[in-house]
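Here's the structure we're looking at; comments come further down.
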Amino acid sequence: MTASPEARLQAVLASYPALTIAVSGGVDSMTLAHLAHRWALDGVTMFHAVSPAVPGSATERVQRHADAHGWKLSIGGSGEFEDGRYRANPVDRCYFCKTNLYDRIRALTDGIIASGANTDDLGDYRPGLKAAAERDIVHPFVEAAISKAEVRALARLHGLEDLAELPAQPCLASRIETGIAISADDLAFVNEVETALSPLLPRQAALRCRVTREGIVIEADAEHAATPMLKMQAMVLCAQAGRLFAGVRAYERGSAFIGKPAVHHG
């Protein structure tokens with residue numbers, strides 16, 4: 001009989017005497033943090049990075065869960081904004097982001113560092129995985145052959161419904177079209193727009209505010225992209241900020257990554 005995802009993950013985590021988990025605030029890393037904490041109370045610490053690319057709501061979520069469940073949590077800067085290679089926003093920007101993140105965590109521990117990557121991530125264009133490999137970062141969900149859907153199922157199984165229902169939320173910098181320099185002002189605007197528009201859509205619906213060379217583009221799941229209120233509110237927000245509104249279109253995963261290798265579909 002094939003072992004359940006929970007049993008597979010428990011076996012993987014048991015193979016590590018201690019872990020420092022990079023917790024972004026999303027469903028994957030948060031679920032991993034919860035389960036590792038429950039199954040290995042004394043050997044798990046969490047690190048959450050704050051930066052202009054991380055929504056304040058994510059930091060608040062991490063802190064709230066840490067306080068409620070007694071995590072050993074460190075919060076610090078990720079350092080990527082000090083790296084000109086990251087700010088230039090090349091197609092492999094994520095490599096420089098994760099390089100800075102993991103190097104910051106490594107300065108705090110000599111132990112094993114873990115990410116919340118799952119098997120679905122392996123089919124995407126993920127330069128950050130290269131940075132992880134160079135630094136011997138482990139991916140327990142990948143080792144346990146656990147997909148995104150199974151991560152959500154594990155969250156529900158363990159009473160973490162608030163996490164299970166979180167929409168996928170990569171960092172805010174993923175909304176900036178490749179080649180447009182990353183700025184804190186753009187990231188703050190993206191966060192403001194997505195926060196304002198998200199109540200107009202179902203909880204797990206895709207929503208992205210893209211900063212493109214044509215202007216601000218809103219992406220939403222195809223069945224919601226034609227919602228009149230979505231377009232109207234986006235136009236108002238752009239006008240208030242003095243930004244050019246370039247329309248609403250169907251969500252396309254990774255559409256801001258111009259020039260990414262064709263072998264991937266991120």
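Which residue is farthest from Asn118 (Cα to Cα), if the candidates are limited to region 1-30 and must be hydrophobic (A, V, I, L, M, F, W, C) and assigned to a loop (DSSP other than H, G, I, E, B)?
So the residue we want is Met1.
Answer yes or no: is there a residue in region 58-77 that is touching a strand residue (DSSP E or B) at 6+ places or on another chain (Cβ under 9 Å), acidic (Asp, Glu) and closer than 30 Å to Gly254 by Cα.
Within region 58-77 (the criterion being touching a strand residue (DSSP E or B) at 6+ places or on another chain (Cβ under 9 Å), acidic (Asp, Glu) and closer than 30 Å to Gly254 by Cα), the answer is no, since none of the residues qualifies.
Within region 24-77, can you find the residues that are surrounded by fewer than 16 Cβ atoms within 10 Å (Cβ to Cβ), over 24 Å from Arg203 (Cα atoms) and touching a residue at least 60 places away in the same chain (Cβ under 8 Å)?
Arg38
Here are Ile146, Ile180: which of them is in contact (Cβ under 8 Å) with a residue 24 or more places away in the chain, outside any helix (DSSP H, G or I) and in contact with a strand residue (DSSP E or B) (Cβ under 7 Å, 6 or more places away or on another chain)?
Just one listed residue meets the conditions, Ile180.
Residue by residue, here is whether (1) at pLDDT 95 or above; (2) in a loop (DSSP other than H, G, I, E, B) holds:
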{"position": "Gly116", "(1), (2)": "yes, yes"}
{"position": "Tyr125", "(1), (2)": "no, yes"}
{"position": "Gly128", "(1), (2)": "no, no"}
{"position": "Phe141", "(1), (2)": "yes, no"}
{"position": "Leu154", "(1), (2)": "yes, no"}
{"position": "Leu187", "(1), (2)": "yes, no"}
{"position": "Val193", "(1), (2)": "yes, no"}
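The values are calculated or read from the model by the stated rules, or taken from the named source; none is laboratory data. None of the values given here were measured: they were computed from a predicted structure. Heads up, the Cβs are rebuilt from the backbone with ideal geometry, glycines too, and the neighbour counts pull from every protein chain shown.
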